[in-house]
Amino acid sequence: MSLKTGFVVLLLCVPGLLGDEWAGAYTEKEICAIKGSTVKLQCSFTFPPTEDGRDIKVKETFWFTKYPEEDLRLDPQYFGGVQSECHGNNCSLTIADVRWSDEYTFRFTTNHSKGGFNVTPAVKVTVTDLKVQVTESRFRNMYDLKCVSSTCSPWSPSSYVWYKNGEEIPNEKSQLYKRGYDYINSYSCAVRGHEQDVSPPECMYWSCNKVVYYKRHICAIQGSSVDISCEYTSYVNTQTQFWFRTDSSDPGNPSIIEDPRYELPSETSGKSTLRINDVRQSDSAEYRFKFTFSYNFEWRSISPGSTLTVTAVQVQVMSVRVEDSHLVAQMLCHTSCFPEAPLSFVWHHNGAYINQGTIIEVTLSPGDYITCATQQVNDVTTSPVLYVLKRPSVSLNDTGDILEGRPLTLTCYIENFDYSSATVDYCWYKKKNVSSDDEVLSNDRQLVLPSIKSSDSAEYWCTVENQLGKKTSEPVFIDVQYPPRSLSLSVSPSRVIVEGQSVNLTCSSKANPAASYTWYKDRQTLPQTLQEHYSFTSIHPEDAGTFHCMSENKHGRVTSSSVFIDVQYAPRLPVISAAPSSEASQGSSVWLTCSSDANPQAKYSWWKRSEEQIGVKDLHRASATFNLTDLGLEASGDYVCVATSSRGSSNSSVRLQVKACSWSVTMATTVGSVAGLVLVLVVLVLTAFLVWRKKRSSKESRAKSSAGADCGEASTREQKEVVYSQVHFTTSSEGPVYANITPAMPRRHLVEESEDGVEYATVRKAR
């Protein structure tokens, strides 16, 4: 027999030994495990895929220790301490805290008439303790300390650990430890890698400092009383004794237990007991003993003490089936560890007693609940309530608008449910849209969103689950509202806008609830519906201006930046003006001015109707002027102004009339009928004088002068005679009106002819 030590002992089967027949195998028939360790047994099995034309399928697999075959998990001695699992044709059994020797058999059942098959022979597991064997060496005052098994032999581990007063002795790895005589200290051993399974301490002499705990592992039912006991010795008389927990906040100085539930019954010499009444799960811990002796010297060992595990009674559902909308459940009452005393269980349905025993089968409806309890001499411990769950609901702590940034709490609740005594698993889910996957959020009963965001808008629901099934709530849609934000104003087309185009302005923002929009042009409200779009089907120049928009909902408002819309258009029909007039005399000048409304501004060119381009002039602010000087008769005609820009062109024309020159003197000022008569007389006199003067001058001149004068034109030649005339009008209320007429002489002759007299003409004023 080989010894497998430590917490895990692994027993394997050899699948290669099996075929397509009813068979199974283990790799080892016997195994030795240290008490308190964990053992894992494994087995593989085979069976024919078909037999008698029928496909064979496995129905059940389990392990048992005694006949008739009963699942080890249902044995009260193993409640909560075993776990069985299978992967295909490979199955395992894990035994935690193995405490006694036994034989374990694997069984599988099928749908075949043969029923099931047991893999035999069974695996024999022998549980052993470690101990230190002390023998006197052949050398004087020397002792041999050997780490041996109490039941298994031979002993096979390859490496060991040795302790003095619970403290590891460095560099000692062999099974045999040699030591000189020591009457004070105690020694213990363990297998390397499994130091938690330490042997009881041993003295070289009949007395030394040591503590031996009666039970290394103690399981207690919640609410019961438990005793933790030890034996101790000292090479001198002890003075005081103490119990303490090793999970103190200061491990170097564990606090002495001070709790009214903890008591020390009357002790006998060398023995001590710590009693804990009404044990709770918080009492689960490792407990150790220490003492003092002469000179207040304290001795305590760091070797493992007694580990207390407090467990509650639990209901385990073995199977569930639905019959006529009811659940039929087979349930087991058990604990998570193995109490020393045998347990008996009673069952209650909706608070009423229904049965006694380890396993029951009961029919349940939604809202029903089951409990089981164990009754010892003075203690009754009841399991948590196991409900047949109803469909849960989701409640919110805020029933109004859910605003972004505020806290929100969602609660998963079940009607008429006792949350304090029942064990239920919760789960929260979130789904944003149909195409997204469900997102798992939390496993608490309440889902807390400390500062909810717009991205949290989604459907939320919860599930509740226990051993009897799973229920899902109706989804609740969380609509997170917020004021408008991320406002932007865009124009389409975004570049050059031309008259007649379709133009769209878009005001976009994020808001919940949806925002309404107000449009403004040059800070004046535009009369249009409260939509995010403002459109021009055919834009005109008068539509140009500065635009902005405002987005608003019941939670707030925001205003966009401004955008200027410039509408370009082709030059309008030009307007032409002539100064001083479009009718001009020969030899005079005329200014033609052309203007056209255009965007961008126009350039101008002038043409005569004969299609001859006569000049181009670009002026600022869309104005162009063309100057015609020294007009001749040939200048008459139609003049065309063409206004041109990148958007097109247009033109207009004006007719210019140039007239030949003729003599006439017109008196512009007439005072009544008298002034008119005077003017006629003056003209006659002046005409006669000019004729006379002209004849006289022609005799004196070496060169002949022209018979007439060009209209308004002065000769530049020196020899050409210029005639000047001076006419001065005077008026008198009493006397005659005089006209002084002096012949106009060439400038060079003015001095020579100054002696000539002045002729007077008297014109009476008409009355």
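Taken together, the values in this text are just the output of simple stated rules run on the coordinates, not laboratory data. Being a predicted model, the structure only gives us computed values, none of them experimental. Note: ideal-geometry Cβ built from the backbone for every residue, glycine included; neighbour counts use all protein chains shown.
Details
- When each of 124/271; 29/59; 390/510; 40/210; 57/124; 57/390 is checked by Cα-Cα distance, pairs over 31 Å: 124/271; 390/510; 40/210; 57/390
- Around the amide H of residue 233, modelled in the peptide plane, lie the amide H atoms of 210, all under 5 Å away and 5 or more residues distant in sequence or on another chain.
- Counting every other Cβ atom within 10 Å of each residue's Cβ, 557, 321, 406 order from fewest to most as 321, 406, 557.
- Dimensions (Å) - the range 174-288, Cα atoms, principal axes, largest first: 48, 37, 26
- Residue 30 long-range amide H proximity, modeled H, under 5 Å: 124
- With Cα atoms as the point set, the range 393-478 shows a radius of gyration and Dmax of 13.4, 40 Å.
- Arranged from fewest to most other beta-carbon atoms within 10 Å of their beta carbon, 548, 334 become 548, 334.
- For residue 583, the residues whose amide H sits under 5 Å from its own are 657, ignoring neighbours fewer than 5 places away on the same chain, with H placed 1.01 Å from N.
- Whole-Hz ³J(HN,Hα) from phi, Karplus 6.51 cos²θ - 1.76 cosθ + 1.60, for the range 403-413, glycine and proline x: 9, 4, x, 8, x, 9, 10, 10, 10, 9, 10
- Phi angles of the range 260-266 translate, via the Karplus equation with coefficients 6.51, -1.76, 1.60 and θ = phi - 60°, into HN-Hα couplings of x, 7, 9, 9, 10, x, 4 Hz per residue; Gly and Pro are given as x.
- The string of couplings for the range 41-49 from the Karplus curve (6.51, -1.76, 1.60, θ = phi - 60°) is 9, 9, 8, 10, 9, 9, 7, x, x Hz, one whole number per residue in order, with x for Gly and Pro.
- Stretching the chain fully between residue 476 and residue 139 yields a gain of 112.8 nm (0.36 nm per residue, less the alpha carbon separation).
- Calculated P(r) tail over 23 Å for the range 8-128, as whole % of Cα pairs: 28 percent
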